[in-house]
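Enquirer: The following block contains the structure, expressed as structure tokens.
The values are calculated or read from the model by the stated rules, or taken from the named source; none is laboratory data. These numbers come from a predicted model, not from an experiment. Backbone-built Cβ (ideal geometry, glycine too); neighbour counts: all protein chains shown. Ligands, DNA and RNA are stripped out before the accessible areas are found, and what is left, the full protein with its side chains, is counted by its heavy atoms. Shrake-Rupley method; radii C 1.70, N 1.55, O 1.52, S 1.80 Å.
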Amino acid sequence: MADRFEFTSEEKKETRDLYQKLKSLVGATLMDGDEEKVRAHLNRSVASNQTHRDVFGLNPILFGLQTAQIVVEEIGLKRDCVLAILLHPSVADGFTTIDEVRRDFGESVARILHGLLRIAELYAKNPVVESENFRNLLLSFAEDMRVILIMIADRVNLMRQIRDNNNLEAKREVSEEAAYLYAPLAHKLGLYKLKSELEDLSLKYLEHDVYYMIREKLNATKQSRDTYISSFIGPIEEKLKAAGLKFHMKGRTKSIHSIWQKMKKQKCAFEGIYDLFAIRIIIDSPLEKEKMQCWQAYSIVTDMYQPNPKRLRDWLSVPKSNGYESLHITVLGPEKKWVEVQIRTERMDEIAERGVAAHWRYKGIKGETGLDEWLTNIRNILETSDDLQVMDQFKMDLYEDEVFVFTPKGDLFKFPKGATVLDFAYYIHSKVGNCCTGARINNKVVTFREQLHSGDQVEIMTSSTQKPKREWLNIVKTSRAKAKIRLALKETQVKEGLFAKEMIERKFKNKKIELEESLMARVIKKLNYKEVSDFYKQIADGILDVNTVIDTYLELQSKDSNTGNEQPARSAEEFSLQNDNEHLTPSNDDVLVIDRNLKGVDYQLARCCQPIYGDDVFGFVTVSGGIKIHRCDCPNASELRKRFGYRIVRARWSGKGSSKYSITLRVIGNDDIGIVNNLTSIISKDEKLILRSISIDSNDGLFRGNLVVMLDDTSRLETLIKKLRTVKGVKQVERI
């Protein structure tokens, strides 16, 4: 059985004193019955042995009263926060519930307690707190800003109480969290006094020797520092009074932690830090004269002491986005020492010192979108309110567009609202994303489509058989995940395309069918595929049968053999056989001699190079037994000779008839007015030329066009090309 909880005599006395002090501070804000209910609750908690000391052996009731005192005196919070602090240990230990608190003390107290419990759950996940993401998650989890303020006060109190504690490991962990997490939070919210105390105590516990070295040097130089401040401000006071300004001045020494940071940054000893203190001039000025009187004070100070223009910070003309207004200058004072001087009015100083409205970005703390406006709203509330009761209804929606989630190891990542498990997987690694099948969120199995929520602990599940799919692009939210999915799809597409291509080539080879790329492109179009990649993917997936492709290919090939735009296939029997040296008499058709005057051989003019009478040509024996006639300079000629040299036969033109041939000319030139008319007029003037089509594309002052012309032979072609090249503006004419 656990030891029974008991108060020591010192704890009893301190508890009574603190209770009475808090009662006097917040008594006006308490409701009827509040005090009696809280006292009865705490007495029952102790009597039922539901109260337990923490890892440092601290009394939770006394500790709560101490934290409440900080919250009231340093921050200005009242009834709801004090009650939430005092009731929190009982709710956390299960002695009472939030519903009971809501019934006895109201919704506001219950909401604060709910936020404190949520953050306790967050800590239970063992997060890595040394990150900006965790600070932001903490802010979003708190729901009500007062929860964060209470937590900062709680950590300040804890740091004060563990000064002489012997639990060194727990003390180190608490101090590191104070430095990494709570001090920056206090800075963001403008709680400078608490922020400095957290930093100094953290330094004291984590780097004992450094802390005491700086403290001793500060103490040793205090008298000379005070003397110097007096000599510096004395002449300024006289000048300011002579100018008729109402003001007061004060000097502040930098915190020990701040001095240590400067020593590290500047890589110098304590004696090398020149700005150990700053002078603040606070003017009592009417609103309409604030800027004028601040600049008047600036003029007086800079007339007396040489300013450093690089160190001027003018937040009067353009206040900081959080409302902070002040003039900061650095001047060369007596003994050639640099001194920072801050000039502001009473109103500006009050806003800057009140806490949550302060210039939280000052000195290196980087903020995020939305925080400025949020803090400015709070500043406005503070300016128009006597206390912070107004914030009871204030809901914090600062990070409503972001979610923060944990890995199983406690690492924390930020995602846009609406991000899914798949986004998380691709954030970890491309391979993890590509193989993702789902996840365990808070130990519950979900699909990869599941949306993430702040505080989720996510463990990705993968499978080696899983592959990215195009529809995944509609699931993910982040551009990073989309880019990785597209890359994976592209790589898969290439692999599938190569596999499918090899499969088709193998099948065609087995059936002894010649595979032509141009004809295969028509097959793909005929099978209603807009993208070649989709065609190959369907083959790789087994959805499209290769035999269907072959049948369609043969169908188109057969159709081309019987009909088409070019010269129809003809039999060699129509022509008289001759010797190589014989010249055939003209007939209605051109005569082509194939190999050694073979009879009964079909031939067809190849589409790829469009041979015409007069071209040097050769024949290629196709699988179907026919012959295709190619130009010797055909783009495919070298490949055909290399791979299928045994199927090459000789061919030559042997007689000229009346046949006309279709050829395509590419023309490139300057995009001048009338150039197209000049080109077409040359063709139309020649009765033996027929212009079948023309297509022109113009870009950046140049045009590129294809002319399809019907003509007799190569001699007429050469004549046409020469004429077209004479047209003004034409740069290039070539046969394709």
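Enquirer: In terms of solvent-accessible area of protein heavy atoms at a 1.4 angstrom probe, what is the ranking of TYR529, TYR427, highest value first?
Expert: From most exposed to least exposed: TYR427, TYR529.
Enquirer: Please report, as a whole percent, how much of the solvent-accessible surface of segment 194-313 comes from carbon and sulfur atoms (probe radius 1.4 Å).
Expert: 51 percent
Enquirer: Still on this structure: Just tell me which lysines come within less than 18 Å, Cα to Cα, of LYS246; anything on the same chain fewer than 8 places away is out.
Expert: Those lysines meeting the cut-off are LYS289, LYS291.
Enquirer: In percent, what relative contact order does segment 248-350 have, based on Cα pairs under 8 Å that are 6 or more apart in sequence?
Expert: Values: 146 pairs, mean separation 30.8, N = 103.
In percent, rounded to a whole number, it is 30.
Enquirer: Whole-Hz ³J(HN,Hα) for each residue in segment 149-161, computed from phi via Karplus 6.51 cos²θ - 1.76 cosθ + 1.60 with θ = phi - 60°, x for glycine and proline: what do you get?
Expert: With coefficients 6.51, -1.76 and 1.60, one gets 4, 5, 5, 5, 4, 4, 6, 4, 4, 4, 5, 5, 7 Hz.
Enquirer: Mind checking the per residue accessible area of segment 168-306 for me, 1.4 Å probe, whole number of Å²?
Expert: For segment 168-306, the solvent-accessible area averages 51 Å² per residue.
Enquirer: Residue by residue through segment 723-736, what is 3J(HN,Hα) from phi via Karplus (6.51 cos²θ - 1.76 cosθ + 1.60, θ = phi - 60°)? Round to whole Hz and write x for glycine and proline.
Expert: With the stated coefficients, segment 723-736 comes to 5, 5, 5, 7, 5, 4, x, 6, 9, 8, 9, 8, 7, 10 Hz.
Enquirer: How long is the gain from ASP17 to ALA242 if the chain were fully straight, where each residue apart is worth 0.36 nm and the alpha carbon distance is subtracted?
Expert: Gain on extension, ASP17 to ALA242, equals 76.1 nm.
Enquirer: On to the next question. Among the lysines, which have Cα under 25 Å from the Cα of LYS337 when same-chain residues fewer than 8 positions away are ignored?
Expert: LYS217, LYS222, LYS239, LYS241, LYS250, LYS254, LYS262, LYS264, LYS265, LYS267, LYS310, LYS363
Enquirer: How much accessible area does LYS501 have with a 1.4 Å probe, in Å² rounded to the nearest 10?
Expert: Near enough 80 Å² of accessible area.
Enquirer: Continuing with the same structure: State the percentage of accessible surface on segment 627-736 attributable to carbon and sulfur atoms; use a 1.4 Å probe and exclude ligands, DNA and RNA.
Expert: 48 percent
Enquirer: Net charge near ASN706, counting Lys/Arg +1 and Asp/Glu -1 over other residues with Cβ under 10 Å of its Cβ?
Expert: +1
Enquirer: Also, quick follow-up: Just read off the accessible area of MET503 with the full protein assembly in place, 1.4 Å probe, to the nearest 10 Å².
Expert: 40 Å²
Enquirer: Would you please give the residues with an amide H less than 5 Å from that of ALA651, counting only those at least 5 places away or on a separate chain, with H modeled from the backbone geometry?
Expert: ASP595, GLY619
Enquirer: So which lysines can LYS125 reach, going by Cα to Cα under 18 Å and dropping same-chain residues fewer than 8 places off?
Expert: Once the sequence-local lysines are set aside, what remains near LYS125 is LYS409, LYS414, LYS444.
Enquirer: Over segment 28-104, what percent of the accessible surface lies on carbon and sulfur atoms, probe 1.4 Å?
Expert: Ligands and nucleic acids excluded, carbon and sulfur reach 50 percent.
Enquirer: So with the 1.4 Å probe, I'd like the accessible area per residue for segment 640-712, rounded to whole Å².
Expert: I get 57 Å² per residue for this part.
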